[in-house]
Structure formats: C-alpha cells, structure tokens
Amino acid sequence: MLWNVDLTLVDVTIVARDAYADAFRMVTGRPLVKLAVAMGRPDSEIIFETLAINGIQVEDYHLPRFIDALAVAFTDKRRRLDKEGRAMPGAKDALKAISRLDGVVQSVLTGTIKTNAVHKLAAFGLNKWVDFEVGGYGEEVYPKATLLQVAQGRAKDKYGFRFDAGNTVLIGDSTRDVQAAQIGGAAMIAVASGRSTEAELREAGADIILPDLANASEVVAAIARLTSPVNRKAS
C-alpha cells in the first residue's frame with residue numbers, strides 16, 4: 001500500500017507555503033514573490049520552477065541547498081501543523097484498518113521530501129502505521145512512476161516479496177497519481193478530496209474512485225477488490 005500524503009492523508013498547505021518562503025530566502029537572500037503550483041508534483045520540480053519564476057538563474061547547487069533549507073524551515077514550523085493543518089477525514093481510521101490486513105505493508109509515494117513527510121504524518125498520529133524506509137520521496141529526482149518502482153524495490157529488499165501491479169495499490173488524489181500508478185505498475189484508488197475532481201480522476205483511468213477516506217470499510221473493500229484477479233474498472 002502506497003499513500004500520497006498531501007490532500008490525501010493531510011492538509012498542511014499554509015505551513016508548507018511558509019516553509020517554502022523561508023527556504024527561498026535562506027538560499028537566495030531574497031523574499032519569495034511567487035510559489036510554483038504543486039499540482040501533485042514533487043518538491044524537486046516545485047523548487048526548480050519556483051526559482052525560475054522568481055528570476056533566479058538555476059545552478060546545480062540550488063536543488064540540494066533548497067532541499068536542506070526546506071527541511072530546516074519545515075522542522076522549525078512543525079509545531080504549527082496540528083493547529084493550522086488537519087488530517088483528512090477518515091485518514092487515521094483508514095490507515096488503522098488497513099494495518100490489520102494480513103501481509104500488508106503501508107508506505108508513502110509522495111512529492112514531499114522525506115523528513116517533511118514524516119513530520120506531516122507524525123503531527124496527526126498517522127506515522128505509526130507507515131514504514132517510511134520503503135517509500136518514495138520528493139528529493140529523489142525521478143518521475144513519480146519510476147519512484148513507485150523504486151519503492152517497490154525497497155519493499156522487496158526489506159520484506160523479501162516481489163511487489164508488482166497485482167499486489168501494489170496507490171491511494172492518491174490527483175491525476176498525476178493515477179498516471180504514476182498506470183505507468184509504474186500499481187492499482188489505483190483515487191479520492192476526490194484534493195486536487196482533481198471525480199470526473200478528472202475517472203478520465204485519467206483510476207481503478208476505483210472514492211469521495212474521501214471517511215468510510216474505512218469501503219477503503220479496505222476497494223483494496224481487496226484490486227488485489228484480486230478481477231477486471232478493474234472505475235466505480
């Protein structure tokens with residue numbers, strides 16, 4: 001089980017924007033005027049575009065410096081997360097219910113850098129059901145579909161089982177998540193709680209579409225359906 005983080009499990013948009021502004025100032029010495037739109041993209045892409053649209057000539061050193069600065073800035077603000085952010089409806093119950101399934105490993109496939117992904121989930125007590133060692137993160141400069149395969153490889157190395165399209169499920173809220181699942185090799189449960197509408201998720205080819213995570217039994221049933229040898233069709 002791979003989870004997208006932002007707008008699937010948590011919404012900490014305000015704190016994340018402030019952390020980007022601080023990191024931008026740390027790296028460039030200038031105030032942030034405009035932040036690139038996330039739209040399901042990894043932090044590495046957002047950083048490059050943010051630098052460019054603010055008139056910064058991007059050099060090789062910018063990405064690692066910005067990632068380090070973003071980790072520092074977000075850590076400094078982590079105590080604001082539960083006050084100014086929220087866990088998405090049903091997130092905790094869904095994670096808990098899935099953890100009871102035999103043979104299931106839960107991790108994340110997220111555009112967020114690893115340290116910040118841990119902070120985001122820990123702020124709402126969601127981290128206890130997630131194995132962060134086998135996830136994929138925004139500091140890794142891969143397309144999300146490739147990152148999915150990287151995460152599958154990490155899980156195989158740790159747990160000794162092969163993870164492929166027949167036994168890997170991604171839960172996310174954007175059409176980019178759907179595309180990553182299709183290309184990378186995973187079944188896709190899309191939740192219409194974030195960036196993309198139900199119609200957009202359906203058109204992108206999500207296997208199952210849920211309005212949100214509020215019904216944990218529905219989430220578990222969707223996983224069971226997608227990891228069984230049946231035809232997949234958005235519903």
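When the solvent-accessible area of the chain is split by element, carbon and sulfur atoms take up 50 percent of it, the probe being 1.4 Å.
Database remark: amide H of Leu210 closer than 5 angstrom to the amide H of Ala190, Val191, Ala192 (H placed geometrically; neighbours at sequence offset of 5 or more, or on other chains; Pro and chain starts carry no H).
Selection among Phe74, Ser44, Leu148 by position relative to the dipole of the chain gives Phe74 as farthest towards the positive end (Cβ unit charges, Cα centre).
Considering helices alone, the calculated mean residue ellipticity of the chain at 222 nm is -14000 deg cm²/dmol, with DSSP H runs of length four and up weighted by -39500 (n - 2.57) and normalised per residue. Accessible area ranking (1.4 Å probe, heavy atoms, ligands and nucleic acids excluded), largest first, for Arg41, Arg100, Arg30, Arg154: Arg100, Arg30, Arg154, Arg41.
Using a probe of 1.4 angstrom and keeping all protein chains present, the accessible surface of the range 13-80 works out to 54 square angstrom per residue. Each of Ala19, Thr168, Val118 was placed along the dipole of the chain (beta-carbon charges, centred on the mean Cα), and the one lying farthest toward the positive end is Val118. Taking Cα centre as origin and charging only the Cβ of basic (Lys, Arg, +1) and acidic (Asp, Glu, -1) residues, the dipole magnitude of the range 13-80 rounds to 380 debye. For the chain, a simple Cβ point-charge model (Lys and Arg +1, Asp and Glu -1, everything else neutral) yields a dipole of about 380 debye relative to the Cα centre.
Shown is the FRET efficiency for Arg80 and Val141, computed with R0 = 22 Å from the Cβ-Cβ distance and rounded to the nearest 0.05: 0.15.
With the convex hull drawn over the C-alpha atoms of the range 13-80, the volume per residue is 79 Å³. Separation of the range 91-144 and the range 24-76, taken as the distance between their Cα centroids, equals 23 angstrom. Once both labels are positioned 7 Å from their Cα atoms along Cα-to-Cβ, the gap between Asp164 and Ile14 label points is 4.7 nm. Estimate the FRET efficiency between Arg100 and Met26 by the formula 1/(1 + (r/R0)^6), using the beta-carbon distance for r and 41 Å for R0, to the nearest 0.05. Using R0 = 41 Å, I get an efficiency of 0.45. Cβ-Cβ distance of Gln57 and Val37, R₀ of 22 Å, FRET efficiency by 1/(1 + (r/R0)^6): the value works out to about 0.55. Highest GNM mean-square fluctuation among Glu218, Glu203, Glu59, for the chain modelled with Cα contacts below 10 Å: Glu59.
The values are calculated or read from the model by the stated rules, or taken from the named source; none is laboratory data. Only a predicted model underlies this, so the values are computations on that prediction, with no experimental measurement involved. Cβ atoms come from the backbone with ideal geometry, glycine included; neighbour counts cover every protein chain shown. Protein only, heavy atoms only, side chains kept; ligands, DNA and RNA dropped before computing areas. Shrake-Rupley method; radii C 1.70, N 1.55, O 1.52, S 1.80 Å.
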